[in-house]
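Below is one structure, written out as structure tokens, with a few remarks after it.
The values are calculated or read from the model by the stated rules, or taken from the named source; none is laboratory data. None of these values were measured; they are calculated from a predicted model. Virtual Cβ from ideal backbone geometry, glycine too; neighbours counted across all protein chains shown.
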Ligand SMILES: C[S@@+](CC[C@H](N)C(=O)[O-])C[C@H]1O[C@@H](n2cnc3c(N)ncnc32)[C@H](O)[C@@H]1O
């Protein structure tokens with residue numbers, strides 16, 4: 001059966017998704033996949049729907065600045081669905097060359113008529129046409145520097161202030177601009193089963209543009225094309241993974257025959273990488289608190305033929321009930337975090353996360369590290385990582401832990417295991433480092449390594 005839908009339905013679908021996100025009903029990626037299936041969106045329309053949804057979220061603060069210049073009423077007094085419809089149409093007018101302006105505006109007017117009344121469609125027509133007739137308002141009209149950066153890069157002010165205080169104003173600005181750029185798509189080659197060259201050939205044969213990474217050996221950048229239906233993916237030769245995430249396994253440096261605990265493991269990206277590096281010899285215990293997520297670990301292990309990975313549902317803070325002291329050679333805590341390092345991929349995070357979330361998460365992160373520490377053998381290594389950019393969830397968690405635990409010392413050899421160019425930039429403390437978005441081709445990641453004294 002043909003999966004045909006007009007682009008009009010694409011915009012309505014985008015409106016529905018954005019409204020649900022605004023009401024905090026779900027994450028954008030889950031809602032998108034759900035809507036594509038339920039609404040039977042044609043595969044040809046999926047890229048447009050994805051672009052409108054992510055782009056509108058990414059640029060919403062900047063778009064509101066533009067809309068405010070033309071709206072007769074303050075935006076807070078406009079119904080949510082009308083406001084979002086304006087936002088997504090302005091996104092198309094500014095950023096999508098392939099959508100003709102009149103088509104985008106006509107669709108918005110039609111949707112307004114269908115969902116509202118004549119007054120609303122008239123208002124929609126009026127604001128969008130006056131937006132087209134005038135030049136874009138200048139950011140320089142905003143006098144306060146942080147407010148100006150917040151509007152231009154479309155970030156909440158509290159977050160920019162936090163980054164500026166923690167990493168300096170220049171870094172805060174570069175993170176915010178980097179978050180507006182497209183992320184690099186990378187895959188990890190399962191070198192246990194296939195060579196990098198074979199994977200490159202296979203992907204290229206299927207029309208994908210592939211390039212070797214200069215940093216991590218098993219990493220390939222994929223420029224064009226969808227990976228999910230490729231032979232390499234179906235055969236379990238590759239996994240989709242950010243290169244920063246691959247560095248975490250390099251930091252842990254698991255060896256064949258060892259016993260490894262991955263305390264926060266789902267969906268299993270790092271557990272699989274660990275098992276691949278161990279050539280499937282040894283044991284990887286992969287814990288996650290959510291049973292539906294542990295299923296993903298089982299699925300991945302099966303697809304990649306990694307029999308040493310054992311997924312288990314448990315709370316990492318209670319593992320002492322299941323495992324003896326000093327059971328593991330190495331432990332990975334890839335902690336639950338605010339995800340502020342992956343805004344490029346998941347822009348809704350910058351609007352949904354609040355400062356209170358950071359405080360709450362940092363307490364959970366500390367308690368997980370403290371709970372699993374006794375399970376590490378003497379002389380063993382614990383790696384603590386997050387995909388966020390915030391000292392309270394990162395540097396503060398590990399420095400407080402090392403200060404309070406006599407047996408713990410920072411691993412001053414960490415950077416020797418990280419590829420040269422990346423490591424040479426990271427000198428603040430030899431036992432941990434922060435990767436910022438836009439710095440290399442990775443997401444924002446924090447990686448630290450702690451040793452247990454003999
Ligand atoms: C950053 S994600 C892990 C990503 C994973 N390491 C990977 O590379 O695919 C953090 C995970 O920790 C899990 N989690 C949160 N609290 C936990 C707890 N108390 N014990 C175990 N897992 C927990 C979450 O369900 C989530 O899947």
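Would you say residue 332 is within 16 Å of the ligand (Cβ to nearest atom) and either modelled with pLDDT under 95 or touching a helix residue (DSSP H, G or I) at 6+ places or on another chain (Cβ under 6 Å) (or both)?
Answer is yes for this residue.
For region 193-309, please list each of the strands (runs of 3 or more DSSP E) lying entirely inside it that holds at least 1 residues being within 14 Å of the ligand (Cβ to nearest atom).
238-240, 259-262, 283-288
Of the conditions (1) out of contact with any helix residue (DSSP H, G or I) (no Cβ under 7 Å at 6 or more places or on another chain); (2) surrounded by fewer than 17 Cβ atoms within 10 Å (Cβ to Cβ), residue 147 clears all except one; give me its number.
(1)
Inspect region 389-397 for any residue being assigned by TED's automatic domain parsing to the domain that holds residue 336, within 20 Å of residue 219 (Cβ to Cβ) and surrounded by 22 or more Cβ atoms within 10 Å (Cβ to Cβ) and give the result as yes or no.
no
Across region 362-381, what is the total count of residues that are in contact with a helix residue (DSSP H, G or I) (Cβ under 7 Å, 6 or more places away or on another chain) and either in contact (Cβ under 8 Å) with a residue 60 or more places away in the chain or assigned to a strand (DSSP E or B) (or both)?
Within region 362-381, residues that are in contact with a helix residue (DSSP H, G or I) (Cβ under 7 Å, 6 or more places away or on another chain) and either in contact (Cβ under 8 Å) with a residue 60 or more places away in the chain or assigned to a strand (DSSP E or B) (or both) number 4.
Of all residues in region 319-329, which are within 8 Å of residue 375 (Cα to Cα), within 16 Å of the ligand (Cβ to nearest atom) and either in a loop (DSSP other than H, G, I, E, B) or free of Cβ contacts under 8 Å to residues at least 40 places away in the same chain (or both)?
Hit for region 319-329 is 323, nothing else.
Taking into account only those residues within region 375-392 that are away from the ligand (no atom under 11 Å from the Cβ) and over 18 Å from residue 258 (Cβ atoms), which is nearest to the chain's Cα centre (by Cα)?
Applying the filter and picking the extreme gives 389.
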